[in-house]
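Asks: Attaching a single structure in structure tokens format; questions to follow.
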Amino acid sequence: MNGLLIRSLDRGATAFLAIVVAAAMIVPALNLLLPETSPLHVPTYIVSLFGKYVCYALLALSIDLIWGYCGILSLGHGAFFALGGYAMGMYLMRQIGTRGVYAHPVLPDFMVFLNWKELPFFWYGFDHFAYAALMIVLVPGVLAFVFGWFAFRSRVTGVYLSIITQAMTFALMLGFFRNNFGFGGNNGLTDFKDILGFNVQADTTRAALFAASCLFLALGFLVCRALVSSKFGKVLVAIRDAEARTRFLGYRAESYKLFVFTLSACMAGVAGALYVPQVGIINPSEFAPANSIEAVIWVAVGGRGTLTGAVLGAILVNYAKTTFTTGALAPYWLFVLGGLFIAVTLFLPRGIVGTLSHWWRERRARGETAGEIGGEPAPRPAE
Amino acid sequence: MDIRTTTAQLYLDNVTVSFDGFRALNALSLTVESGEMRAIIGPNGAGKTTMMDVITGKTRPDEGDVVFEGQYDLTARDETEIATLGIGRKFQKPTVFDMHSVEDNLLLALKADRRAFAGLQWRESEAQMRRIDELLGIVRLRGARERLAGSLSHGQKQWLEIGMLLAQEPKLLLVDEPVAGMTDAETHQTAELLKEINRYKTVIVVEHDMTFVRELGVKVTCLHEGAVIAEGTIDQVSENERVIEVYLGR
Ligand SMILES: Nc1ncnc2c1ncn2[C@@H]1O[C@H](COP(=O)(O)OP(=O)(O)OP(=O)(O)O)[C@@H](O)[C@H]1O
Ligand SMILES: [Mg+2]
């Protein structure tokens, strides 16, 4: 039966991957190949909007990996997302060249405005995409590693860990707001022109960015699936449910946590990097503690510990947010979000996908009991 | 103390643990020989579980020595290191991984490389599956193989935990109240199982159930207020005046 369970889960995972990859191909095709008059034409703004949601979905996936499977509730994952975004933003800034307002060949506009004479050392190399790509995973990864090293070794868990992750993102926000930090202060980085030589505003570039986001989401999902269905993943769940017990079995819980936390931060960084060229700006408000909390709500709504639920939750909640905040109800969005979170916690603690798969498992377990002739009692998942 | 002079498997000397001034262990000394099975009795709050906490690295003693196999200072090691040295533990309150199947609980306990990267590369092996099957037989959980551990009865969880303990293949087993919540028949089976295990391993078992302790037929140590008050056969200990006083005095 276990084999069957795994196989059916694999079916779900395969179906999910097929959908994401199909979206990566079909949406850009409908946007680029069909005339605007066609009823099936997808307008560019929709492509960009959903491209943004897909980046959020990747962020949600990274949170689900650590929260759903290892019990680490990070309320600071927005920071890793924003750092990846800034790394991409720095690359995009350096692609502007002389097309900036001040037409300085090297310095971005904000540095000229601040009367800086030369590029700060930490901006070196960002004119190369490969270097920027490395930094997109390295910077969030190293920060998460150092943070996790101290936190997990001193066995900071639960609500205390959540609080210090909030503090981390808040501190970064304050830093990035400062002009002398060297990242454009409260205006952040914007007015991007090219990415890899293509105009960021062009329909084709936007379609390509959408497709890239989908492919990275698929890749992230594959990595997470491979991880959680290995023995490593079983240890993660064991740590989530009874950390002390795993230590008495000889597992070094902190190493496991450090590994997934760092990996998760790298994923969040990639999500942020894909997000920035699609929205055209990155500024310190991306570090706002509320952003990180919102991302956790997406996962809770979709169903923690399900991976697909995190993706679904991110897309659904953000779609709802867009719908709300463009209408007359805009001022009430935060109340809606808060209400949604409370409702999910009270009535749907497993989230959407979690509830569905639980219901499905129960149904099958019942089916098996009915089909049994005496013998052992049927397996029944615990509450 | 020169720790190399002891041949004992486990050596506790003058161990003191206080919680906010309250001495849960008060200069406790105890020696367990290799291959021995020792039963520990004592009224509630005597410090039996605390003693196991000290041996397994959960609690650090304020004072005293805890030495394993005459060479490993356990007070300087953490839970993971102590488990790796070959000390396994079954908890008083059965602690299994509720959201994992019985099979996976055993798999996680099975002696293997515990490092994270080994877990990533792990493949199901014939030998491991055979061993799990064997263990399921020993703890009579074959029929519950696929069930989530959280759905087991209290007694079954106790047995699963004993199975996990065996899977670890430790040299020394610490078993805290294994028969709590078990029927007489199950209690008897557990005694038989522990005796079987003791043929190859050193066992320390804490238990209140006197019938069970009597059935084990091994040396008994009685703790009270964090110190040993009597040691010997079950008959000697149960006739000891201090012991009678402590048990009746409550
Ligand atoms: N972490 C702790 N903090 C404070 N007091 C503790 C702690 N752990 C144990 N104690 C106290 O130490 C004493 C010994 O507890 P312990 O659990 O070792 O007793 P025990 O012999 O196992 O009893 P029982 O038979 O009830 O399991 C008790 O009075 C208990 O309240
Ligand atoms: Mg106890």
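Asks: Yes or no: segment B:104-114 includes at least one residue that is assigned to a loop (DSSP other than H, G, I, E, B), within 16 Å of ligand 1 (Cβ to nearest atom), open to solvent by 30 Å² or more (accessible area, probe 1.4 Å) and at the interface with chain A (Cβ under 8 Å from one of its Cβ atoms).
Replies: No, segment B:104-114 contains no residue that is assigned to a loop (DSSP other than H, G, I, E, B), within 16 Å of ligand 1 (Cβ to nearest atom), open to solvent by 30 Å² or more (accessible area, probe 1.4 Å) and at the interface with chain A (Cβ under 8 Å from one of its Cβ atoms).
Asks: Collect the residues in segment B:175-219 that are away from ligand 2 (no atom under 16 Å from the Cβ), at negative phi and not in a helix (DSSP H, G or I), keeping them in residue-number order.
Replies: Passing the criteria: B:Met182, B:Thr183, B:Arg199, B:Tyr200, B:Lys201, B:Thr202, B:Val203, B:Val218, B:Lys219.
Asks: Against the condition within 16 Å of ligand 2 (Cβ to nearest atom) and open to solvent by less than 10 Å² (accessible area, probe 1.4 Å), how does B:Val54 come out, does it pass?
Replies: Working: within 16 Å of ligand 2 (Cβ to nearest atom): yes; open to solvent by less than 10 Å² (accessible area, probe 1.4 Å): yes.
So B:Val54 passes the test.
Asks: Give the number of residues within segment B:57-91 that are open to solvent by 60 Å² or more (accessible area, probe 1.4 Å), within 13 Å of ligand 1 (Cβ to nearest atom) and within 13 Å of another protein chain (Cβ to nearest Cβ).
Replies: Residues meeting the conditions: 1.
Asks: With A:Val279, A:Val260, A:Val270 as the choices, which residue is of a type in the set (Val, Ile, Thr) and surrounded by fewer than 23 Cβ atoms within 10 Å (Cβ to Cβ)?
Replies: It is A:Val279.
Asks: Starting from segment B:47-66, take each residue that is at negative phi and list its partners that are within 12 Å of ligand 1 (Cβ to nearest atom) and open to solvent by 40 Å² or more (accessible area, probe 1.4 Å), counting only C-beta distances under 6 angstrom and pairs at least six apart or across chains.
Replies: Close Cβ pairs (under 6 Å, with a partner that is within 12 Å of ligand 1 (Cβ to nearest atom) and open to solvent by 40 Å² or more (accessible area, probe 1.4 Å)) amount to B:Thr49/B:Gln92; B:Asp62/B:Ser18.
Asks: Go through segment A:205-257 and count every residue that is closer than 15 Å to B:Val96 by Cβ and more than 13 Å from chain B (Cβ to nearest Cβ).
Replies: Of the residues in segment A:205-257, 0 are closer than 15 Å to B:Val96 by Cβ and more than 13 Å from chain B (Cβ to nearest Cβ).
Asks: Shifting gears a bit: Taking the stated definitions as given, is B:Arg140 under 30 Å from B:Leu85 (Cβ atoms), open to solvent by 10 Å² or more (accessible area, probe 1.4 Å) and not aliphatic (A, V, I, L, M)?
Replies: On the way: under 30 Å from B:Leu85 (Cβ atoms): yes; open to solvent by 10 Å² or more (accessible area, probe 1.4 Å): yes; not aliphatic (A, V, I, L, M): yes.
Taking the combined requirement at face value, the residue satisfies it.
Asks: Let me ask something else. Please go through segment B:70-121 and give me each residue that is under 30 Å from B:Glu33 (Cβ atoms), touching a strand residue (DSSP E or B) at 6+ places or on another chain (Cβ under 8 Å), away from ligand 2 (no atom under 16 Å from the Cβ) and of a type outside the set (A, V, I, L, M, F, W, C), ordered by number.
Replies: B:Gly70, B:Asp73, B:Thr75, B:Gly86, B:Gly88, listed by residue number.
The values are calculated or read from the model by the stated rules, or taken from the named source; none is laboratory data. Here the structure is a predicted model, which is why all the values come from computation and not from measurement. Cβ coordinates were reconstructed from backbone atoms using ideal geometry, including for glycine residues, and neighbour counts include every protein chain displayed. For the accessible areas, the whole protein counts, side chains as well, though only heavy atoms, and no ligand, DNA or RNA atoms are used. Shrake-Rupley method; radii C 1.70, N 1.55, O 1.52, S 1.80 Å.
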